[in-house]
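S.K.: Attaching a single structure in structure tokens format; questions to follow.
The values are calculated or read from the model by the stated rules, or taken from the named source; none is laboratory data. Only a predicted model underlies this, so the values are computations on that prediction, with no experimental measurement involved. All Cβ positions, even for glycine, are placed from backbone atoms using ideal geometry, and neighbour counts span all protein chains on display. Note: accessible area is taken over every heavy atom of the protein model, side chains too, but ligands, DNA and RNA are not part of it. Shrake-Rupley method; radii C 1.70, N 1.55, O 1.52, S 1.80 Å.
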Amino acid sequence: MLTKHKIKKSILEIKTGDITEEEAGAIVNAANRELSPGGGVSGAIHEASGPELWKECKKLGGCDTGEAKLTGGYKLKAKHVIHTVGPIYSGKTSDGTDLKNSYYNSLLLASRNNIKSIAFPSISTGVFSYPAGEASLIALKTIISFLEEHPEIELVKMVLFTERDYHTYKSSLEMILKE
Ligand code: ADP
């Protein structure tokens, strides 16, 4: 399933899929603060990339919530991995700021490294328990406003693991575009 939307000169795609198989300048990892493989999408990315990824991550000294760090992609089709740590959902207003920062800082890191296409998973909505409806609005609003200012990023893909998440993101996009 796939939806495409043009934001100025760039394309925003919402699709179902496995992010470890995406071709992109960078795929984003919903990482933990230690940048260790763990489970979920992070475990899958480390598994597909191979042990070199964890070796490089160990040298980075972890990552704060809302921040982003760049590594190679190793055995992945993607050339780079951008590791960002989303918030563990608590219901506080700072959750929204942290999640926004995760998307924003990942996009900024891509732009600064001349990466033109980037694929995101649904950050924080798995083990970190962020409600997908709320998270999708923050994710898409942050991506759209970034693309409006940064035409150097040509393509952003939201890669959703389930059809349910795909529909959540698709309806959120429709809602935002109506505003
Ligand atoms: P977090 O700890 O940030 O919540 P998770 O890895 O638990 O991260 O989940 C984030 C999202 O990634 C969830 O929506 C989950 O369904 C999704 N996910 C898990 N594996 C993959 C994959 N291979 N490709 C894309 N998304 C995935």
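S.K.: Go through the stretch 18-34 residue by residue and turn each phi into a ³J(HN,Hα) via Karplus (6.51, -1.76, 1.60, θ = phi - 60°); whole Hz please, and just put x for glycine and proline.
M.R.: Running phi through 6.51 cos²θ - 1.76 cosθ + 1.60 with θ = phi - 60° gives 9, 5, 5, 9, 6, 8, 6, x, 8, 9, 9, 9, 7, 8, 9, 5, 8 Hz.
S.K.: Please report how far the C-alpha centroid of the stretch 161-179 lies from that of the stretch 45-98, rounded to the nearest whole angstrom.
M.R.: Computed from Cα coordinates, the inter-centre distance equals 24 Å.
S.K.: Give Lys8/Lys77; Lys9/Lys157; Lys8/Lys75 a once-over and call out the pairs whose C-alpha atoms are over 25 Å from each other.
M.R.: Violating the 25 Å Cα-Cα cut-off are Lys8/Lys77; Lys8/Lys75.
S.K.: Additional query: How would the stretch 31-103 be classified by its alpha-carbon gyration tensor: rounded, prolate or oblate, with rounded meaning a/c under 1.5 and the a/b versus b/c comparison settling the rest?
M.R.: Since a/c reaches 1.5 and a/b is larger than b/c, the shape of the stretch 31-103 is classed as prolate.
S.K.: Could you give the accessible area per residue of the chain, probe 1.4 Å, as a whole number in Å²?
M.R.: On a per-residue basis, 49 Å².
S.K.: Have a look at the DSSP beta bridges in the chain and tell me what percent are antiparallel, nearest 5.
M.R.: Of those bridges, close to 40 percent are antiparallel.
S.K.: Determine, from the Cβ-Cβ distance of Glu34 and Lys92 and an R0 of 25 Å, the FRET efficiency 1/(1 + (r/R0)^6), rounded to the nearest 0.05.
M.R.: Here the calculated transfer efficiency is 0.65.
S.K.: Can you tell me what percent of all Cα-Cα pairs in the chain are more than 20 Å apart?
M.R.: Roughly 47 percent, rounded to a whole number.
S.K.: Further question on the same structure: Could you look at the chain and say what percent of its accessible area is carbon and sulfur, using a 1.4 Å probe and all protein chains?
M.R.: 50
S.K.: Separate question: Between Lys116 and Ile176, take the C-beta separation as r, use R0 = 35 Å, and let me know the FRET efficiency to the nearest 0.05.
M.R.: 0.90
S.K.: Say the dipole of the chain comes from +1 at the beta carbon of Lys and Arg and -1 at that of Asp and Glu; which of Val28, Ser117, Thr3 then lies farthest toward its positive end?
M.R.: Value: Ser117.
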